[in-house]
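Encoded as structure tokens, the structure appears first; notes follow it.
The values are calculated or read from the model by the stated rules, or taken from the named source; none is laboratory data. Computed from a prediction, not measured in an experiment: that's the story for all the values here. Methodologically, a virtual Cβ is constructed for each residue, glycine included, from the backbone with ideal geometry; neighbour enumeration extends over all protein chains shown. What goes into the accessible areas is simple: the full protein's heavy atoms, side chains included, and nothing from ligands, DNA or RNA. Shrake-Rupley method; radii C 1.70, N 1.55, O 1.52, S 1.80 Å.
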Amino acid sequence: MKKQPTPPAKRDIGIEAAVDFLSRHYIHPIKKVEDLKGGKHSKAFSYESDDVGLIIRFNKEDIGFQKDKYASELFGDTLPIPKVIEIGTYNDLHFCITEKALGETARDQYYRNDFSSLPLLFDAVEKIAKNTIPGTGYGYIDLNGNAPYSSHLEYTNAVYNSADIFNWNHIFDIPFVDRHFTDYVADKMKYFSQYATQKRELLHGDFGADNVFIKDGSVIGIIDWEKMRTGDHFLDIGRVLLFCPDRHITASSAIDFYKNSGIEHWKERIAMGIYHVVLTN
């Protein structure tokens, strides 16, 4: 079993090719095709067919698309995950057509110095964690819900103390990587991991700014489930805190949200999540 899915290399495809494919793929005319900039793993376009908003993504691999389908089918009744309509191939690429998530992303709001969605993001992570996932193990899951590690602690230790997930010898050859700082972050993550839950909780794995859509004060879409895993859900909270540009507001919002939550060791688990995200990114 692979310890971690390697993000596939994004294949660039122009809007002309996308329009050509969509025009041949549908009986009825398609309209409002728009190139969606900024996707890390896939090249994406929005469009309309029969006045229904849709998204098509192209990639060299389809594992991320299959994970989205898996998440939608298992958790779509309790979480706002866009439905996967079709997965297929186009020349040497895979494509995935999904419903379009409406609203705006958390990052869109951050650009306006609007951080009102932070409690919504914390609440969404809590709702994700409450879902029961089939299979066994901790860490990155396969399409049966199975993961390779026997505990959350074993997974977090493997992030740095083995070559299972990252090739650290290669990483330390990169000029800007400071080994002393990396050791410090890893030690902090290891220390705070002792406070992690022993429960097998569901994590999105890439939760936050670009993958959460908000409208009218509600989270209405959560996309990109390729890095879905099991473990302590405060790893997702760490992403929320680190990828919000205002550290004071995000810390205050987290304290306000969790101080009366009754969740054990929430401060230590938040710290664990932050150090984990620093180390893995």
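Looking at 150, 117, 162, which one is small (Gly, Ala, Ser) and open to solvent by 50 Å² or more (accessible area, probe 1.4 Å)?
150
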* To do: Kindly list, by first and then second residue, each pair from a residue in the range 194-208 that is in a strand (DSSP E or B) to a residue that is surrounded by fewer than 24 Cβ atoms within 10 Å (Cβ to Cβ) and among the small types (Gly, Ala, Ser), limited to pairs with Cβ atoms under 8 Å and residues at least 6 apart or on different chains.
  => 201/129; 202/129; 203/129
* Residue check: is residue 47 among the hydroxyl-bearing types (Ser, Thr, Tyr), open to solvent by less than 20 Å² (accessible area, probe 1.4 Å) and at pLDDT 95 or above? -> yes
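Name the residues in the range 42-71 that are of a type in the set (S, T, N, Q), within 16 Å of residue 206 (Cβ to Cβ) and without any contact (Cβ under 8 Å) to a residue 60 or more places away in the chain, would you?
Those that are of a type in the set (S, T, N, Q), within 16 Å of residue 206 (Cβ to Cβ) and without any contact (Cβ under 8 Å) to a residue 60 or more places away in the chain: 42, 59.
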* What tally of residues in the range 218-268 results from selecting those that are among the hydrophobic types (A, V, I, L, M, F, W, C), over 16 Å from residue 107 (Cα atoms) and in a helix (DSSP H, G or I)? -> 7
* Does residue 98 satisfy the criteria of being touching a residue at least 40 places away in the same chain (Cβ under 8 Å), assigned to a loop (DSSP other than H, G, I, E, B), of a type in the set (Ser, Thr, Tyr) and open to solvent by less than 80 Å² (accessible area, probe 1.4 Å)? -> no
* Structure fact -> Out of (1) more than 23 Å from residue 258 (Cβ to Cβ); (2) touching a Phe, Trp or Tyr at 6+ places or on another chain (Cβ under 7 Å); (3) of a type outside the set (Phe, Trp, Tyr); (4) part of a loop (DSSP other than H, G, I, E, B), the one residue 88 does not meet is (4)
* Asked: Only one of 177, 185 is more than 25 Å from residue 101 (Cα to Cα), open to solvent by less than 50 Å² (accessible area, probe 1.4 Å) and part of a loop (DSSP other than H, G, I, E, B); which?
  -> 177
* Structure fact -> Of the candidates 190, 259, 227, the one satisfying the condition of being under 23 Å from residue 158 (Cα atoms) and free of Cβ contacts under 8 Å to residues at least 60 places away in the same chain is 190
